[in-house]
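Here is the structure we will look at.
What follows draws every value from the coordinates through simple rules; no lab data is involved. Everything quoted here is computed from the prediction, not taken from an experiment. Positions of Cβ are backbone-derived with ideal geometry, glycine not excepted, and every protein chain shown enters the neighbour counts.
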Amino acid sequence: MDSNGQPRPSVTVSFEPRFCANHVVDLTAGCSFGCLYCPFAAVGARLRGVSRPTALDLSRLNELTPPPSVFLSPASDAFAPQAVESTHTLLSYLLSRGTTVGIVTKGIVPERTLALLADYRPQVEGVAVGVTSLDDHRNTVLEPGCPPARPRLDNIDRLADRGLPAALRLDPLFPVLDDRPGALTALVEEAARRGASAVTATYVFAWGRYLRRLRREPLVAESCRLLTERAPMEGGRAFSVPLARKLDTYGFLAEVASGHGLSFNTCGCKDLRVRESGLFSASCRNTWFLEERKEAVIRNAARRGQAPVAPLGLRAAPRS
Ligand code: SF4
């Protein structure tokens, strides 16, 4: 029951082609981090019929079928305060049943969840830590419920110390506010120093009421004026910066990342033209991890004298 005595919607595992063809789980409907640019949390809340961020019901956990791989979380944050306990419970359940996990967060991973992930290291695809800027004022305005940038970045050290794959995720990048070369270089250098293995970045996109909400915030007024192109995305179109600016910035980031031994990728779902350009890895997933898993499946099958069964693939059909 929620605070109004209403039954809470249940946690579900679903397959989502737009998240690099992966299974996905939200632990909350809506998200208390309340990022100003985020359309997904509001959509997730609406779909589940709640009007404020609500922890989902995990009491029927044992009825969930563990998928081969899962992403946390498409429309919420696995380490928002309302989600953190459920996330640990869910991970314990799924990891012990062989599921591989990938996580993106702007929160803080608790010590005991880090220890759990370390116990199942071969099943951890990676944890991407969301920090687009070191500017506290920018982050307080745009990401009012999230912890400050430095404690978020500390996740990278703590993950790397345990041998877990960590990435820096700059998403969303606001033009002018976030994409100056000096600021991008400083962030990538910091991520590399802390032990990240990859950088991923995607420009902001918005439409309809979410774009109107952004336009009302003076801090991003200039950025919003640069969202002039209706970019083709998985599932529709949204306003974003011109393609040329994306390719320039992603090219710059890829070069800086490579100079520090880090790989770079961007989310191909958020601009199909970037994916089609073939200039960058356009999967948000840890492709190195997936290749390793694929080879292990093939090796094991060969050892058993069998054909490999549905190895993990990047944009393959559902892997359940
Ligand atoms: S943390 Fe993620 S899901 Fe939550 S409001 Fe921010 S962008 Fe949306």
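So what is the calculated 222 nm ellipticity per residue for the chain, using -39500 (n - 2.57) for each DSSP H run with n of 4 or more, over all residues, to the nearest 500 deg cm²/dmol? Working shown, then result.
Details: 11 runs with 116 residues, N = 320.
Here the helix-only value at 222 nm equals -11000 deg cm²/dmol.
Expressed as a whole number of Å, what is the distance separating the alpha-carbon centroids of region 118-181 and region 29-53?
Between the Cα centre of region 29-53 and that of region 118-181, the gap is 20 Å.
Which of H23, H88, H260 comes first, and how do the rest follow, when ranked by fewest Cβ neighbours within 10 Å? Don't jump to the answer; show the numbers that get you there.
Numbers: H23 22, H88 18, H260 14.
The most exposed by this proxy come first: H260, H88, H23.
If you take every residue apart from R46 with its C-beta less than 14 Å away from the C-beta of R46, what net charge results, scoring Lys and Arg +1 and Asp and Glu -1? Can you show the working numbers first?
Values: positive: R48, R52, R209; negative: D26.
Combined, the nearby Lys, Arg, Asp and Glu give +2.
What does DSSP give for the chain in terms of the percent of beta bridges that are antiparallel, rounded to the nearest 5?
Values: 11 of 37 bridges.
Around 30 percent antiparallel, to the nearest 5.
Go through region 58-73 residue by residue and turn each phi into a ³J(HN,Hα) via Karplus (6.51, -1.76, 1.60, θ = phi - 60°); whole Hz please, and just put x for glycine and proline.
10, 5, 9, 3, 5, 8, 6, 7, x, x, x, 8, 8, 10, 10, 9
Test of understanding: ordering E63, E217 by Cβ neighbours within 10 Å, fewest first, what list do you get? Don't skip to the answer; put the middle values down first.
Details: E63 7, E217 14.
Exposure proxy ranking, most exposed first: E63, E217.
Give me the distance in nm between label points sitting 7 Å out from Cα along the Cα-to-Cβ direction at T12 and D119, one decimal.
3.0
Among N155, W207, V256, which residue has its Cα furthest toward the positive end of the charge dipole of the chain, with +1 on Lys/Arg Cβ and -1 on Asp/Glu Cβ?
W207
Take the chain, drop everything but the C-alpha atoms, weight them equally and run the Debye formula without solvent; then report log10 I(q)/I(0) at 0.08, 0.12 Å⁻¹ to two decimals.
For the requested q values the scattering log ratios are -0.35, -0.82.
Please state the relative contact order of the chain as a whole percent: Cα pairs under 8 Å, 6+ residues apart? Before the final figure, lay out the partial values.
Values: 595 pairs, mean separation 47.2, N = 320.
Value for the chain: 15 percent.
Order by neighbour count: S223, S86, S263, fewest other Cβ atoms within 10 Å first, most last.
S263, S86, S223
Counting only trypsin sites (Lys or Arg not before Pro) that are in a DSSP loop and have at most 12 other C-beta atoms within 10 Å, tell me the longest site-free stretch of the chain. Could you put the intermediate results ahead of the total?
Values: sites that count: R60, R97, R216, R304.
Excluding the exposed sites themselves, the longest stretch runs over 98-215.
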